[in-house]
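A quick write-up on the structure given underneath.
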Amino acid sequence: MQKLLHNLNPEQLAAVTLPAQHALILAGAGSGKTRVLTTRIAWLIQTQQVSAAGLLAVTFTNKAAKEMLTRLSAMLPINTRGMWIGTFHGLCNRLLRTHHRDAALPQTFQILDSQDQLSVIKRLLKANNIDDEKFPPKTVMYFINNAKDQGLRADKVDAYDANERKLVELYQMYDEQCQREGVVDFAELLLRTYELLSRNQPLREHYQARFRHILVDEFQDTNNLQYNWLKLLAGHGSRDGGALFAVGDDDQSIYAFRGANVGNMSSFEREFQVKNLIKLEQNYRSHGHILDSANMLIANNSKRLGKNLRTDAGHGEPVRVYEASSDLQEAQWIIEESKSLIAEGASRSEIAVLYRSNAQSRVIEHALFSAGIPYHVYGGQRYFQRAEVKHLIAYLQLMDNPHNDSAFLRVVNFPTRGIGVRSIEQLQAAAEQYGISLYAAVPYVAGKAGSSLAGFVKLVEGVRFETQQLPLPEMVRVVLEASTLLQHYQNEKEGADRIENLEQMVSAATQFISEEGFGQGAPAYLGPQAQAQSGAAVALGDGVEVLDADAPLAAVMSPLSAFLSHASLEAGDNQAQAGQEALQMMTVHSAKGLEFDNVFITGLEEGLFPHESSSKEDGGVEEERRLMYVAITRARQRLYLSFAQTRMLHGQTRYNMKSRFFDELPEESLKWLSPKVQANWFGNKKSAWDMAPMSSAGSDNAIAQKIAHASGPGWRIGESVSHGKFGEGVIVNIEGGGGNARAQINFGQYGMKVLDLSIAKLERL
Ligand code: ATP
Ligand code: MG
């Protein structure tokens, strides 16, 4: 035990060893909150105050949960498999699988990621002839999710006008549709579990009695439903509920736009009459200049719970600030600085480039690519969200639950098998008429349409039968073959990548099986009876069956179901995965909780960071400032800030002022760098903050005209091109116009070239 606690400061030690009572650990970034939480779990188990089964911990991402398990197994000689440590979604998934009957779900229910959810909504609108301009699918989706996040079903939502009444009606229809298909969206996972526990007293009491300790990381970002879920599980209001231990930082609350309610921190303190409030003020992550910058910045926010951060680490390097003439030059500067960091011995994975908006990444990616620096972009399209992978997943979903209409529609005619739009419409009409799934409605469609649809059903049934007894990776392999997806992509231009991604699924399944502890042998799935025999299930009164908390996932769901939930939950995860020897690129949101030796925060311009949308909302700028605080506090040793005078975003050149955040940083901690390369093609260098927006008269207009003119016929700055001799490059500048236009192009290893656009044979990439 000595070893477990010896690296903690007095406040951390106090927090780790608090008695079994509710507690709130309120502390700034890098003060060891996550470390305290993990150590407390280990300490509670080691001192035998609770068994591994009697404890539940919630983290924000799957990755954070995994890391916590890894750290725990390093601290304690226990098997962490089966412990209730996960994300809200992951834990709810597990509860709902275990109690699917009480939750009125099929055991094989499937999880919709947000992409799937949107397509269900689109389908619903179409089937009901609803104008999707008046009710854009995304608006409908936000409305539904928002209501669910507040814990409200359609019949509980107040509608004030005809428009809202329609939205409520759609919400109701959507829920019915999902229920018919046996699918649940992310918000539903939580709401369904909440309802299950609040309605089912024996079950609720069982879990309240079991979980003596409930621990939550990143508490500031919980939404109302999550907070109520925790209240329920911790038996708030009952005499013998468990102890809720929450750690958080109000200054890092960055998910208000998704319904997070930082007010939960004060509600918790009040409603649970929290006596143990501990603040951690020692920062172990960042050097002094970095921390001073973070502290001074966040002091500009008005609504704060109030705490400070100090460090013993010394000032370290000043924060380097760079003003670039364009986003391309900004990217170039990042490359140069990264190169020198790497030359000094920095590991690439300890360099993170952060940006406010995903759209910024492309230019930087190109620059990195040209410079031959390996990089990894997070938060963009994830593996499980790629079109080809989703197709294969849809086939797999049909193996498990053929009534999933989304899966059915995705692949019924992909690869094409002659099932046209008309046939599908007929099928949808039949399904509508009988209130059944598309799959079940196939026998009701007559004629040629009917027989081709029946052919598809036969294919699904055949593969299902064939794969029933196979271990998951083999099953994936057989389904992949039978789907003929591979043949389909063989004939496609970019097919090779897709084929590789598809084949990856077999490895993904193999890895999943071994990580989650599913037996390799067939049949791997333990049916409910087998569970009872193995003693994994404990029967409560009233026919309620509760599984032992140590029961692995294998006891509550088939490997296929588990794998498919994993795919959906992973697709919804918004966080980076570290560990690769590549430079890390991600949005500030996805960097939450992480740390790197070297951090670049890019695009620090008004309208971008703080984001323009923030000026429209109450408290919007304060949320952006918290986001900036999160960004700054990711850095251990070196921090770089940059902004560009012009930036091409969403196809438009923007002229930006530098971010107001620069005025909120301590001047003595900053080191302003002058541009290394004077690649300023305006001729005269002009600072961004002297420049008015485009609409104003004068020289700015001249610049605007020059850009409009120089963009010439077709080519534009920032575009990627390919050249017969020099390979791939990026246009960094265009001069002249018409037949005289010349482009300056960065060809990476061939360097910068100026080419006459009317002569050079360039191809667009
Ligand atoms: P964030 O708010 O960003 O989530 P946090 O408060 O959760 O940060 P941790 O990630 O737990 O902070 O810790 C930050 C860093 O400081 C980690 O590298 C951690 O190992 C280190 N650390 C924490 N406490 C100590 C300590 N007492 N001694 C040495 N290092 C520590
Ligand atoms: Mg943390």
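None of the figures in this text is laboratory data; all of them are computed from the coordinates on show. Everything numeric here is computed off the predicted structure, so don't read it as measured data. In this analysis, Cβ positions are derived from the backbone assuming ideal geometry, glycine residues included, and neighbour counts consider all displayed protein chains.
Among 27-36, 4-13, what's the highest-first ranking by average C-beta atoms within 10 angstrom per residue? Kindly include the intermediate steps, with their values, before the conclusion.
Working: 27-36: 24.1, 4-13: 14.9.
Top of the packing list down: 27-36, 4-13.
Given 20 °C and 1.002 mPa s, compute D for segment 353-430 with the Stokes-Einstein relation, Rh being the Kirkwood radius over Cα pairs; round to the nearest whole µm²/s. Write out the running numbers ahead of the final one.
Working: Rh = 15.8 Å.
Rounded to a whole number, D works out at 136 µm²/s.
Evaluate the charge dipole of segment 459-517 about its Cα centre and quote only its size in Debye, nearest 20, assuming +1 on the Cβ of each Lys and Arg and -1 on the Cβ of each Asp and Glu. Please list the in-between numbers first.
Values: 4 positive and 11 negative charges, 25 e Å.
Value, rounded to 20: 120 debye.
Check each of the trypsin sites (Lys or Arg not before Pro) in segment 240-299 and keep only those in coil by DSSP with at most 12 other C-beta atoms within 10 angstrom; list them in order. Don't jump to the answer; show the numbers that get you there.
Values: sites: Arg258, Arg270, Lys275, Lys279, Arg285; in loops: Lys275, Arg285.
Listed in order of number, the matching sites are Lys275.
If the viscosity is 1.306 mPa s and the temperature 10 °C, what translational diffusion coefficient in µm²/s does Stokes-Einstein give for segment 249-406 when Rh comes from Kirkwood over Cα pairs?
Values: Rh = 20.6 Å.
D = 77 µm²/s.
How do Glu169, Glu623 rank when sorted from fewest to most other Cβ atoms within 10 Å of their own Cβ? Could you put the intermediate results ahead of the total?
Details: Glu169 14, Glu623 22.
Ranking Glu169, Glu623 by Cβ neighbours within 10 Å, fewest first, gives Glu169, Glu623.
For segment 260-306, what value does the Rg/Rh ratio take when both radii are computed over Cα atoms and Rh is the Kirkwood radius, given to two decimals?
On the way: Rg = 14.0 Å, Rh = 13.1 Å.
Rg/Rh for segment 260-306 comes to 1.07.
For segment 386-445, what is the largest minus smallest coordinate of the Cα atoms on each principal axis, given in angstrom and ordered from greatest to least?
Reported extents, whole Å, longest axis first: 33, 24, 15.
For segment 149-165 and segment 472-486, what is the centre-to-centre distance using only Cα atoms, to the nearest Å?
Segment 149-165 and segment 472-486 have Cα centres spaced 43 Å from each other.
So what J values fall out for segment 118-133 if you push phi through Karplus, 6.51 cos²θ - 1.76 cosθ + 1.60 with θ = phi - 60°, rounded to Hz, Gly and Pro as x?
4, 6, 4, 5, 4, 5, 4, 4, 5, 4, 9, 6, 9, 5, 7, 8
Given Ser325, Tyr355, Ala343, which one lies farthest toward the positive end of the charge dipole of segment 319-358, if we put +1 on the Cβ of every Lys and Arg and -1 on the Cβ of every Asp and Glu?
Of the listed residues, the answer is Tyr355.
For Arg180 and Ala446, what is the calculated FRET efficiency with R₀ set at 22 Å and r taken between the beta-carbons, to the nearest 0.05? Each step should come with its number before you reach the end.
Numbers: r = 23 Å, r/R0 = 1.04.
The value I calculate is 0.45.
Charges on Cβ only, +1 for Lys and Arg, -1 for Asp and Glu, centred on the Cα centroid of the chain; of Asn276, Gln226, Ala103, which one is farthest towards the dipole's positive end?
It is Asn276.
Past the 53 angstrom mark, what percentage of all C-alpha to C-alpha distances in the chain do you count? It would help to have the intermediate numbers written out before the result.
Values: 44700 of 292230 pairs.
Percent of Cα pairs beyond 53 Å in the chain: 15.
What is the extension gain from Ala496 to Thr47, computed as 0.36 nm multiplied by their sequence separation minus the C-alpha to C-alpha distance, in nm to one decimal?
Details: separation 449, 0.36 × 449 = 161.64 nm, distance 5.47 nm.
Length gained, Ala496 through Thr47: 156.2 nm.
Order the peptides 304-316, 433-445 from the highest to the lowest mean number of other Cβ atoms within 10 Å of their residues. Walk me through the numbers on the way to the answer.
On the way: 304-316: 14.4, 433-445: 17.1.
Answer by packing, highest mean first, reads 433-445, 304-316.
Which ³J(HN,Hα) values in Hz, rounded to whole numbers, follow from the phi angles of segment 142-153 under the Karplus curve 6.51 cos²θ - 1.76 cosθ + 1.60, where θ = phi - 60° and Gly and Pro get x?
Karplus values, whole Hz, x for Gly and Pro: 4, 4, 5, 5, 5, 4, 5, 5, 8, x, 9, 7.
Collect residues whose amide H, placed 1.01 Å from N in the peptide plane, falls under 5 Å from the amide H of Tyr375; neighbours closer than 5 in sequence don't count.
Leu583
P(r) of segment 181-296 in 10 Å steps, Cα pairs, percent per bin?
12, 36, 32, 14, 6, 1
Tell me, what does the Kirkwood hydrodynamic radius of segment 340-489 come to in angstroms if you use every pair of distinct C-alpha atoms?
Values: mean 1/r = 0.0537 Å⁻¹.
One decimal place: 18.6 Å for the Kirkwood radius.
Based solely on C-alpha atoms, express the radius of gyration and the Dmax of segment 50-149 in angstrom.
18.8, 60
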